[in-house]
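The values are calculated or read from the model by the stated rules, or taken from the named source; none is laboratory data. Everything numeric in this text was worked out from a predicted model, so none of it was measured. A quick note on method: Cβ atoms are made from the backbone with ideal geometry, for glycine too, and the neighbour counts reach across all protein chains shown.
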Amino acid sequence: MEILKVLSRLLDYPTEALYEHGIDIAEIIANDADLSESNKASLLAFVDQRFSDSLLDWQADYDGLFERGRSLSLLIYEHIHGESRDRGQAMVNLLEQYRAAGLDIGVRELPDYIPLFLEFVSTQGSENGKGWLEDIAPILALLQVRLEKRGSNYSAAFAALVALSEAAIDVQALREQVKDEKRDDTKKALDKVWEEEAVTFGGDAVNGGCPSQVNRPSETQRRDQDVPISFIDNSSAQAAEQAIRS
């Protein structure tokens, strides 16, 4: 699904390279066969507003939403496992899935970073792609309603992802669930988190670091093509796995 590549870019940190292609992105959205008309309209309104603003304003808004607090984290397993040890193992398992599909990532983003995950899912064929999205649909829907509550049009991207997953999600129930949530991005809330955090020493790949620059698998490497798994450089794999476990 090509639209997943577009949504991956729109949910990643806005860059000058992205900013130059607003017209192209709008055209892809308008002509996409998988999106409903209502999802298209919401996404096109998002694109029109974001690409009309200055890039600096867009970047500042992005930082304010996704880089402060945990309720809008773009790391999938932070919503599932928090800071537990299970999170590290889940990321190792996801990295194995990427490798099995012939995809390799660098060292800037973690494997469960949603834009990176969407980049992977976009290579897996339509039916498999829906399956991968369905697996994380509850998280996507939760992010959608939290963004709606903050009045952010980034909610349009997550609403589109939930719709593409075709998962049976009671979005209205989630809206009721988050209605009384206290924001975790205020100065007081952030100070409290710092006070409660345990002091750790040394590297911590689970909480920060792995590039959204990826080498996408070719058409013949898709999971739905039933192709034997190809081997990759073992030293690179061991280094990446050690970085996550450390």
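Here is how the numbers come out for the structure above:
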item	result
Residues that are modelled with pLDDT of 95 or more, within 20 Å of Ala159 (Cα to Cα) and among the aliphatic types (A, V, I, L, M), drawn from region 43-73	Leu43, Leu44, Ala45, Val47
Test: residue in region 157-166 that is within 19 Å of Lys179 (Cα to Cα), surrounded by 19 or more Cβ atoms within 10 Å (Cβ to Cβ) and under 15 Å from the mean Cα position of the chain (by Cα)	yes
Selection status of Gly131, surrounded by fewer than 23 Cβ atoms within 10 Å (Cβ to Cβ) and over 16 Å from the mean Cα position of the chain (by Cα)	no
Cross-chain or 6+ apart pairs with Cβ under 9 Å, region 89-110 first and over 18 Å from Asn128 (Cβ atoms), then outside any loop (DSSP other than H, G, I, E, B) and basic (Lys, Arg)	Gln89/Arg245; Val92/Arg245
Among (1) modelled with pLDDT of 95 or more; (2) surrounded by fewer than 23 Cβ atoms within 10 Å (Cβ to Cβ); (3) assigned to a helix (DSSP H, G or I) - the single one Gln177 does not satisfy	(1)
Output for region 113-128, where each listed residue is more than 13 Å from the chain's Cα centre (by Cα) and over 13 Å from Glu2 (Cβ atoms)	Glu127, Asn128
Residues located in region 109-126, provided they are more than 13 Å from Leu11 (Cα to Cα) and either crowded, with 22+ Cβ neighbours inside 10 Å or in contact with a helix residue (DSSP H, G or I) (Cβ under 7 Å, 6 or more places away or on another chain) (or both)	Glu109, Leu110, Pro111, Asp112, Phe120, Val121, Ser122, Thr123, Gln124, Gly125
Selected residue (criterion: nearest to Ala157 (Cα to Cα)) from residues of region 92-138 that are touching a strand residue (DSSP E or B) at 6+ places or on another chain (Cβ under 7 Å), among the charged types (D, E, K, R) and outside any loop (DSSP other than H, G, I, E, B)	Glu119
Pick from region 99-156, criterion more than 27 Å from Ala173 (Cα to Cα) and basic (Lys, Arg), ranking: modelled with the lowest pLDDT	Arg108
Condition met for Ile28 (buried (at least 20 other Cβ atoms within 10 Å of the Cβ) and within 23 Å of Gly129 (Cα to Cα))	no
Evaluation of Tyr77 against (1) at pLDDT 95 or above; (2) buried (at least 20 other Cβ atoms within 10 Å of the Cβ) (one fails), failing number	(1)
Residues satisfying the stated conditions in region 139-156, i.e. part of a helix (DSSP H, G or I) and crowded, with 18+ Cβ neighbours inside 10 Å	Ile139, Leu140, Ala141, Leu142, Leu143, Gln144, Val145, Arg146, Leu147, Glu148, Ser155, Ala156
So Val6, is it in a helix (DSSP H, G or I), closer than 22 Å to Leu164 by Cβ and β-branched (Val, Ile, Thr)	yes
Residue within region 50-66 that is crowded, with 19+ Cβ neighbours inside 10 Å, of a type outside the set (A, V, I, L, M, F, W, C) and out of contact with any Asp or Glu (no Cβ under 6 Å at 6 or more places or on another chain) present	yes
